[in-house]
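The structure appears right after this line, and notes come after that.
The values are calculated or read from the model by the stated rules, or taken from the named source; none is laboratory data. Worth saying up front: this structure is predicted, and the values here are computed from it rather than measured. Cβ placement follows ideal geometry from the backbone for every residue including glycine, while neighbour counts extend to all protein chains displayed. All accessible areas refer to the heavy atoms of the entire protein, side chains included, with ligands and DNA or RNA removed. Shrake-Rupley method; radii C 1.70, N 1.55, O 1.52, S 1.80 Å.
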Amino acid sequence: MNSLTSITVEAADEFDDVFGMIDASFSVAELDLTGNVIRVNDNFLALTGYDEKEVLGRHHSMFLSDDVVEAAEYGLCWVDLRAGKSKSVILPWITKTGERKWVEETVGPVKDRNGKVIRIVRLGVEVTERHDSLADLQGKVDAIEHSQAVIEFDTKGNILTANYNFLVAMGYSLSEVAGKHHSMFVDPEYAASAEYRTFWRTLAKGRNRACQFKRFGKDGREVWFEASYSPVYGADGKVCKIVKLATDITEQVTSLANLKSTLEAGFDEIDQTVGKIDQRYEDIAASWRRAHAHLEVSAMVAGRLVSSVDETAQRMTELRSVADHAFDHAIESDGAIASIEKALDVLRDCARDDPAIIEQIEVLEKCVGETARVSTAVRGDLKAMLSRVAVVSLAVSQQAEITHQVSSEMRGVQTSLETSQRSFNDMIKASEDIPLIVGRTREASGILAR
């Protein structure tokens, strides 16, 4: 297999070791000025997977993908090489099996003693793993760059650069913040505090800081970031700058603040509703106590009513007895009157001065006297009966008053019960409000949990 001994037109012996080192370390290919392969080393063949006879005389483009070959830069590269310029590139090579391998290569012209370019030499090193790692890292950096607000500071807190997301969130252009101190974004009182100075000293010592931070944009509005400040180390192992990766959470913080207000309002409503229920319970208890008092009075009055009714019955019995007695006297009076009538009849028959008449007159006088006595007795009995009737009337009047009082107490009971019913209705309404309020509170809490 050919080694890279033809890199110069007239190789001196002292370069043999150098050529050997190159041949051992790189995949080497020599190309003519049109790009056809003149010779290759073992490393080149191992890299591409071809045999020597499969590549000799073939064009360099066979090892590259179509998109690389068809690009304008590829043609211009060969123009520069033929003009004596060298190129360093990283290209994706396609192996015999179709595998893609990334190769970092240096391509340069070989000149004769007169300075004329006579061929092209290509030295390459496979960097697929490194390239993939860098590509992966760059992909992550790009993702961060597109999704997060990024700003870089020196160890003193001076702004080095900031990306688009950060500038948009804060309302500044890069020229307005570059070279300025981070303190331009914080409250002046905090910027002057020992806590703020400690914050930057801690970062400069290599410590991370992650938290939610409130910052102030160009227009003075509050901007909230979920951010991490991370030290970046230089080749000497010392912190050389601070990178802040942040997500603008202003909208979420505002939503949470509104949600907090909603929750507080919900709990206030619950407290008020519970207070209403407590008040209704107190009203109900008071109403029931009043109803109980009215019922006690009604029971007492009812007892008095029963006693009065018994007394009335007794008075009525006495009245009946008096009436019966008066009736007996009235019968006796009727008999006396009949005797008088009979005596008068006799007197009218005699109508003479006769001792018999006189006797009859005496009889008459006696009858009249008896009649007077009976009449007096009747009047006494009637007077007694009137007195009893007066007592009965008084008892009946008391019954009316007691009955009115009972009616009044019962109306009081009814009023108390109606009040209790209203209180119960209010309490039920307040109880119905509680699930609605709790539901709204739970909905707010669910949003907060998300």
Under 5 Å from the placed amide H of residue 102, counting only residues 5+ away or on other chains, we find 93, 127, 128
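Taking all protein chains together and a probe of 1.4 Å, list 402, 90 from the most accessible to the least accessible. Could the numbers behind the result be given before it?
Working: 402 15, 90 80 Å².
The residues order as 90, 402, largest area first.
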Using only Cα atoms, what is the ratio of the radius of gyration of the range 25-140 to 2.2 N^0.38 Å?
1.08
Express in Å², to the nearest 10, the accessible area of residue 228 obtained by rolling a 1.4 Å probe over the protein heavy atoms while all chains stay in place.
40 Å²
If I ignore ligands, DNA and RNA and count only protein heavy atoms, how much of residue 26 is accessible to a 1.4 Å probe, in Å² to the nearest 10?
70 Å²
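Which order do the peptides 126-133, 239-246 take when ranked by the mean count of other beta-carbon atoms within 10 Å per residue, highest first?
Values: 126-133: 13.8, 239-246: 19.1.
Ranking, from highest mean packing down: 239-246, 126-133.
Output the pairs from 53/101; 218/238; 180/205; 85/140 with a Cα-Cα distance over 26 Å in this structure; if there are none, say none.
Pairs exceeding 26 Å: 218/238; 85/140.
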When the Karplus curve 6.51 cos²θ - 1.76 cosθ + 1.60 is applied with θ = phi - 60°, which whole-Hz ³J(HN,Hα) does each residue of the range 141-148 get, with x for Gly and Pro?
4, 5, 5, 5, 4, 7, 9, 10
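Would you mind classifying the range 132-254 by shape? Square roots of the alpha carbon gyration tensor eigenvalues, ordered a ≥ b ≥ c; an a/c under 1.5 is rounded, otherwise it is prolate if a/b is larger than b/c and oblate if not. Could the numbers behind the result be given before it?
Numbers: a/c = 1.69, a/b = 1.16, b/c = 1.46.
Judged from the Cα gyration tensor, the range 132-254 comes out oblate (a/c at least 1.5, b/c at or above a/b).
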Give the calculated FRET efficiency between residue 106 and residue 138 to the nearest 0.05, with a Förster radius of 30 Å applied to their Cβ-Cβ distance.
0.85
14 Å beta-carbon shell around residue 190, net charge (K/R +1, D/E -1)
-1
Counting only the heavy atoms of the protein chains, how much of residue 21 is accessible to a 1.4 Å probe, in Å² to the nearest 10?
130 Å²
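Counting Lys and Arg as +1 and Asp and Glu as -1, what is the net charge of the other residues whose Cβ lies under 14 Å from the Cβ of residue 145?
Details: positive: 140, 244; negative: 142, 152.
Neighbourhood net charge equals 0.
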Under a no-solvent Debye model with one identical scatterer per Cα of the range 106-195, what's log10 I(q)/I(0) at q = 0.19 Å⁻¹?
-0.94
The correct ranking of 202, 262 by accessible area at 1.4 Å, largest first, is 262, 202
Protein chains only, probe 1.4 Å: how do 196, 190, 164 rank by accessible area, largest first?
164, 190, 196
